[in-house]
Amino acid sequence: MTTSIFAPTTATPRVAQVITLAEAQALIWQEAELLDTLGYKAWLDLWTAEGYYVIPTERGDGDPVVQLNLLYDDDAMRRMRVKRLTSGFAMASSPPARTVRTVSRFVVAASEPGLIAVRGAQILVEYKYDRTRIIAADVTYRIVATDDGLKLDQKVVTLINADDPLHGIGYLL
Amino acid sequence: MATTAEPAATSSAGELFQGDRGDSRLYRDPALFAEEMDRIFKKTWVWVAHASELAGPNTFKTTQIGAQPVLVTRDKAGKVNVLLNRCRHRAATVCEKKRGRQSVFVCPYHGWSYDPDGTLRKVPHSWGYEEGFDPAQFPLQSLRVDEYNGMIFATFNPDAPDLAEHLGAARKWIDLFMKQGAGFGVKVLGEHSFRFPGNWKIQLENTTDAYHFPIVHKTFLDSLDEETENVFDVLGQGGWVEDLGNGHSVMVMIPALVDLEHDLDAPIPERFAELAQALRDEGHDEATVRKVVRAVGGTGFNLNMFPNIACSMAFFRELRPISVSETEVHHIAIGLDGGPELANRMRLRLHEHFQGPLGFGTPDDAEGWERVQRGVQAGDDMPIMVNRGVAAPQGTAEPGHDAGDVSSETGMRAAYRMWKRMMQG
């Protein structure tokens, strides 16, 4: 029911293509649009089976497996989360706040055949009950080439205020 | 925000709660909020820390009591101090870090420096003060502090009853709750915090509200395996809610998990099988494995202590009132202090699953509380009803305690009776 007690896994690239930043951006923006339009089921297909989606409660380079996170999702947890968000029974998500996000300031952190790691900045505005809120975050992506195209293999969203009071968030960051 | 006006000696505010009905102003009157800060948060014991957050000499955390920022320190002698986070000179906060370790607090404005026990150590350029200026006269203002089983409370009120007396019947439940240290002791592992646009008493009520659980938390229940879903059938296991006096109450949802050391030979639930095997593989004997696994799952009750802290199944739930219509909540994850690392990982994962701004439970609670605050703007004459409840199952609550079935609003009535007492005091 919960994620494993063991450390995050990653997928091994199956295809040795060089991934360009432009290709990585296209995937990142596809993901951003899917999340803003609540295309959660399609979003699941952007991931490798081994991939981890993490939102820590502290900024810095701590090890998420031994720290408290806001979200620490392997494949099984991602699927349960999407089921929850799309069920119609989660009050915070029925409907969720509307969101518009942009991801930019990309820097290639690592690149090798079949793999690229990208750092970026995400600015998201949410709107609900006549109120807008801004959520800013540093985001890192690990993207791998597979037989089925590029896939997200790790995404870590470090909020600018990760260690401060947030609010109930009924959508995905 | 709270005003600093002195409260009148008597107040009619207590009239806003009668029997099992509350007036809408309880949630929405800013003047009432200011009065609550004075009559409740400055008069009773307010929880500020768990002892493990101050692990060793010269450690500290910052928090607030009512609207007032405070610094909680463990000085070099090991004593816990709760100090107003306000320089005695011209009021700047002397620390803005959340937690840490340091042996001196220097006001950034003019450099007045304070020891962790609050003593004013040094004033720069002291020649500019008249002769006779004595730093010993200007320590950080300290509050009365006391501790029970690792729970540290402070109060502004020199006349408040002793902490042990204030906690009263809640102490037994604190002791039961701390059994989830599995003999190692309990340690804070991290925390989620969030604010919601609603009054603090909406959160206070929720801690002993089993009635909402299957409705609001359906998607959490749906994410569990069948065995665990049965464990979280909180209305169906003969639980109860018990008034513990002084505004405190306990809601027992899973009676089998009141005493974690009871019946340790029971089969290990499937969701803990991987952890149990990993612990065996690390060389722990079967008795330890069973004790640790049981502890990892947490208790089956919520202990709600008036006005701001709950021992809630497997974590501490702290509330901090911000304004009449804004409340900050901290969900503090705890684990085994020195126990197996894998056990604490599992505790973290269980905490993340339900709690926090992106958990499977908390966002829906926060949304519900906001809906209360929005809805209470309507209908001046309509009461907030906390009258639900039939008798507690036979042989559950302690004789002499007011108690009701697990879905009863007994805990809320207990809290509001204390609220009324303090507001009239």
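Taken as a whole, the condition of being among the small types (Gly, Ala, Ser), buried (at least 16 other Cβ atoms within 10 Å of the Cβ) and farther than 16 Å from residue A:98 by Cβ does not apply to residue A:136. Only one of the listed residues (B:120, B:143) is surrounded by 17 or more Cβ atoms within 10 Å (Cβ to Cβ), touching a helix residue (DSSP H, G or I) at 6+ places or on another chain (Cβ under 6 Å) and within 16 Å of residue B:71 (Cβ to Cβ). That residue is B:120. Quick test of your reading of the structure: residue A:162 fulfils all but one of (1) surrounded by fewer than 18 Cβ atoms within 10 Å (Cβ to Cβ); (2) touching a residue at least 24 places away in the same chain (Cβ under 8 Å). Name the failing condition by number. Checking residue A:162 against (1) surrounded by fewer than 18 Cβ atoms within 10 Å (Cβ to Cβ); (2) touching a residue at least 24 places away in the same chain (Cβ under 8 Å), the one that fails is (1).
Residue A:19 meets each of the listed conditions (1) in a helix (DSSP H, G or I); (2) surrounded by 14 or more Cβ atoms within 10 Å (Cβ to Cβ); (3) among the hydrophobic types (A, V, I, L, M, F, W, C) apart from (1). Can we say residue A:70 is within 13 Å of another protein chain (Cβ to nearest Cβ) and touching a residue at least 12 places away in the same chain (Cβ under 8 Å)? It is true that residue A:70 is within 13 Å of another protein chain (Cβ to nearest Cβ) and touching a residue at least 12 places away in the same chain (Cβ under 8 Å).
Of everything in the range B:376-425, what is at positive phi and touching a residue at least 12 places away in the same chain (Cβ under 8 Å)? Give them in sequence order.
Looking only at the range B:376-425, we keep the residues that are at positive phi, and these are B:379, B:389, B:395, B:400.
B:379, B:389, listed by residue number.
Restricting attention to the range A:104-127, does a residue exist that is out of contact with any strand residue (DSSP E or B) (no Cβ under 7 Å at 6 or more places or on another chain) and within 10 Å of chain B (Cβ to nearest Cβ)? No, that holds for no residue.
A quick yes/no check of all residues on (1) out of contact with any Ser or Thr (no Cβ under 9 Å at 6 or more places or on another chain); (2) among the hydrophobic types (A, V, I, L, M, F, W, C); (3) in a loop (DSSP other than H, G, I, E, B):
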position: B:146; (1), (2), (3): no, no, no
position: B:164; (1), (2), (3): yes, yes, no
position: B:171; (1), (2), (3): yes, no, no
position: B:175; (1), (2), (3): yes, no, no
position: B:187; (1), (2), (3): no, no, no
position: B:195; (1), (2), (3): no, no, no
position: B:198; (1), (2), (3): no, no, yes
position: B:208; (1), (2), (3): no, no, yes
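Would you check if residue B:246 is more than 10 Å from chain A (Cβ to nearest Cβ) and either of a type in the set (Lys, Arg) or touching a residue at least 60 places away in the same chain (Cβ under 8 Å) (or both)? Judged against the criteria, residue B:246 is a match.
Restricting attention to the range B:17-32, the residues that are of a type outside the set (Gly, Ala, Ser) and without any contact (Cβ under 8 Å) to a residue 40 or more places away in the chain add up to 2. Across the range B:332-342, the qualifying residues are those that are under 21 Å from residue A:54 (Cβ atoms) and surrounded by 24 or more Cβ atoms within 10 Å (Cβ to Cβ), and the one among them that is nearest to the other protein chains (Cβ to nearest Cβ) is B:333. Of the strands (runs of 3 or more DSSP E) entirely within the range B:24-81, those holding at least 2 residues that are among the polar types (S, T, N, Q) and outside the structural domain of residue B:377 (by TED's automatic domain parsing) occupy B:59-65, B:68-74. Residue A:159 satisfies every condition listed in (1) within 14 Å of chain B (Cβ to nearest Cβ); (2) out of contact with any Lys or Arg (no Cβ under 9 Å at 6 or more places or on another chain) except (2). If you filter the range A:104-123 down to residues that are of a type in the set (D, E, K, R) and exposed (fewer than 13 other Cβ atoms within 10 Å of the Cβ), you find that the one that is farthest from residue A:137 (Cα to Cα) is A:112. Could you tell me whether the range B:176-196 includes any residue that is hydroxyl-bearing (Ser, Thr, Tyr) and more than 14 Å from chain A (Cβ to nearest Cβ)? No; the residues of the range B:176-196 include none that is hydroxyl-bearing (Ser, Thr, Tyr) and more than 14 Å from chain A (Cβ to nearest Cβ). On the given criteria, is residue B:318 within 22 Å of the chain's Cα centre (by Cα), acidic (Asp, Glu) and away from every other protein chain (no Cβ under 12 Å)? Against the criterion (within 22 Å of the chain's Cα centre (by Cα), acidic (Asp, Glu) and away from every other protein chain (no Cβ under 12 Å)), residue B:318 does not qualify.
Do you know which residues across the range B:387-406 are assigned to a loop (DSSP other than H, G, I, E, B) and surrounded by 22 or more Cβ atoms within 10 Å (Cβ to Cβ)?
Across the range B:387-406, the qualifying residues are B:389, B:392, B:406.
Beta carbons closer than 7 Å, at least 6 apart along the sequence or on distinct chains, pair a first residue in the range B:218-237 that is over 19 Å from residue B:405 (Cβ atoms) and among the aromatic types (Phe, Trp, Tyr) with a second that is modelled with pLDDT of 95 or more and surrounded by 17 or more Cβ atoms within 10 Å (Cβ to Cβ) for B:220/B:354; B:220/B:360; B:220/B:361.
Scanning the range B:200-231 for residues that are facing another protein chain (nearest Cβ under 8 Å) and touching a Pro at 6+ places or on another chain (Cβ under 8 Å) returns a single hit, B:228. Of all residues assigned to the range A:56-67, at least one qualifies as being without any contact (Cβ under 8 Å) to a residue 12 or more places away in the chain and within 8 Å of another protein chain (Cβ to nearest Cβ). The condition of being more than 23 Å from residue A:20 (Cα to Cα) and among the aliphatic types (A, V, I, L, M) holds for only one of A:82, A:108, A:103, that being A:82.
I need the full set of residues from the range B:343-377 which are facing chain A (nearest Cβ under 7 Å), among the small types (Gly, Ala, Ser) and surrounded by 22 or more Cβ atoms within 10 Å (Cβ to Cβ), in order please.
Of the residues in the range B:343-377, the ones facing chain A (nearest Cβ under 7 Å) are B:345-346, B:348-353, B:356-358, B:360, B:362-364, B:366-368.
In the following step, the residues that additionally are among the small types (Gly, Ala, Ser) were identified as B:356, B:366, B:368.
Listed by number, the residues that qualify are B:356, B:366.
All conditions in (1) over 20 Å from residue B:63 (Cα atoms); (2) in contact with a Ser or Thr (Cβ under 8 Å, 6 or more places away or on another chain) hold for residue B:317, with the sole exception of (1).
The values are calculated or read from the model by the stated rules, or taken from the named source; none is laboratory data. Quick caveat: nothing in here was measured; it's all calculated off a predicted structure. Glycine gets a Cβ as well: all are built from the backbone with ideal geometry, and neighbour counts include every protein chain shown.
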